[in-house]
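The values are calculated or read from the model by the stated rules, or taken from the named source; none is laboratory data. Since this is a predicted model, take the numbers as computed values, not measurements. Here Cβ is always computed from backbone atoms with ideal geometry, including for glycine, and neighbour counts include all displayed protein chains. In case anyone asks, the SASA skips ligands and DNA or RNA and just uses the protein heavy atoms, side chains included. Shrake-Rupley method; radii C 1.70, N 1.55, O 1.52, S 1.80 Å.
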Amino acid sequence: MRILVTGAGGFVGREISTRLVARGDTVIALDAAAMDVQDGVEPVAGDLGDRSVRREALSQGIDAVIHLATVPGGAAEADPATARRINVDAMYDLLLETSAVKPGLRFVYASSIAVFGDALPDRVDDATPLNPKLIYGGHKAMMEDVVAMMSNRGMIDGVTVRLPGILARPRAASGMKSAFLSDLFHALKAGEPFICPVSSAGRIWAQSVACCANNFVHAVSLDSALMPPNRAVTLPALVVAIGAMAQEIARQTGVDAGLVEYRPEPALEAMFAAQPPLVTPAAEHAGFAHDGDLATLVASALATLQ
């Protein structure tokens with residue numbers, strides 16, 4: 001297949017592209033920054049909001065789209081206009097343009113658990129209503145509806161997957177308020193002290209980047225009959241206590257877990273470390289999966305650190 005991956009140069013995009021190429025697909029890799037050229041990848045560098053860039057990406061035809069490109073949480077709050085231009089306007093145009101190239105093509109959309117807002121109920125499941133508070137979460141919820149609407153009209157064959165915390169991201173500015181979760185991995189692997197801005201008892205929904213990439217590859221060929229009517233599922237994730245995760249990272253890296261000092265910030269705790277039990281039967285029915293256990297998740301995340 002010829003698969004357009006937007007945001008292909010990012011943390012998740014690179015993992016997905018590697019897996020697609022390995023199975024014999026051609027990846028049209030659209031990213032704001034230039035990417036290394038490798039067999040099986042056709043790079044397109046430019047702004048997703050630029051029509052000429054999107055036209056170049058679609059010029060040789062495509063069979064499916066994985067749409068990852070976004071202005072994330074903190075960056076969206078700091079620059080709402082740019083966030084709207086990329087997260088809403090550019091995506092809507094991309095949906096129209098891809099449906100014109102190949103009506104009914106598979107369009108996999110990376111949404112986020114930010115659509116649930118905060119504070120969360122005592123349990124989140126397939127019936128939990130969307131209640132976003134952040135601009136980022138609001139944009140994601142809006143475009144989930146668009147994916148469902150265009151699927152209902154036969155313009156695309158949409159699959160929306162809501163991502164939990166994906167670990168562990170590169171140690172660089174990402175614009176994401178949850179970046180401290182990945183920084184914890186980097187600090188302990190390097191044997192450095194780390195001040196954690198949430199409590200040791202705080203709980204997150206987590207998945208390794210390798211597991212996440214496998215779920216996206218699965219989504220490309222998924223039978224849409226297995227999806228719910230709104231075409232959206234929350235990916236299965238492990239519900240992990242921050243302290244337990246730090247202990248496991250320390251064990252696998254051979255350092256003292258006492259390197260972590262917990263200084264909770266109420267706002268971050270509420271947004272990223274107060275996540276209740278998560279139940280995802282629709283996603284599991286459709287064949288999506290989590291890492292299995294904490295040790296596997298931590299080992300996978302450590303293996304992908306840069």
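Averaged per residue, what accessible area in Å² does the chain show with a 1.4 Å probe, protein chains only?
41 Å²
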Response to the item:
Out of A127, A246, A90, a Gaussian network model of the chain with alpha-carbon springs under 10 Å gives the largest mean-square fluctuation to A127
Discussion item. Using a Gaussian network model on the chain with a 10 Å cutoff between Cα atoms, which of V101, V240, V44 fluctuates the most?
Written reply: V101
Discussion item. How long are the semi-axes of the equivalent ellipsoid of the range 163-224, defined as square roots of 5 times the Cα gyration tensor eigenvalues? Whole Å, largest first.
Written reply: 27, 13, 10
Fill in: Segments 129-139, 204-214, 249-259 sorted - mean Cβ within 10 Å per residue, highest first
204-214, 129-139, 249-259
Practice prompt. Roll a 1.4 angstrom probe over the protein heavy atoms and tell me the percent of accessible area of the chain that is carbon or sulfur.
Written response: 52 percent
Discussion item. I'd like the trypsin sites (Lys or Arg not before Pro) in the range 149-232 restricted to DSSP loop residues with at most 16 other Cβ atoms within 10 Å, sorted by number.
Written reply: R153, R171
Fill in: Full-stretch length increase - A267, A201 - with 0.36 nm per residue and alpha-carbon distance subtracted
22.2 nm
Item to complete: Return the distance in nm (one decimal) between the two label points of a simple spin-label model at D145 and A34, each offset 7 Å from Cα along Cα→Cβ.
Response: 4.2 nm
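Under the 0.36 nm per residue contour assumption, what length would be gained going from the current alpha-carbon distance of A225 and L305 to full extension?
Length difference between fully extended and current span is 25.2 nm.
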Practice prompt. Pick out which of R85, R123, R19 has the largest mean-square fluctuation in a Gaussian network model of the chain, springs linking Cα atoms closer than 10 Å.
Written response: R123
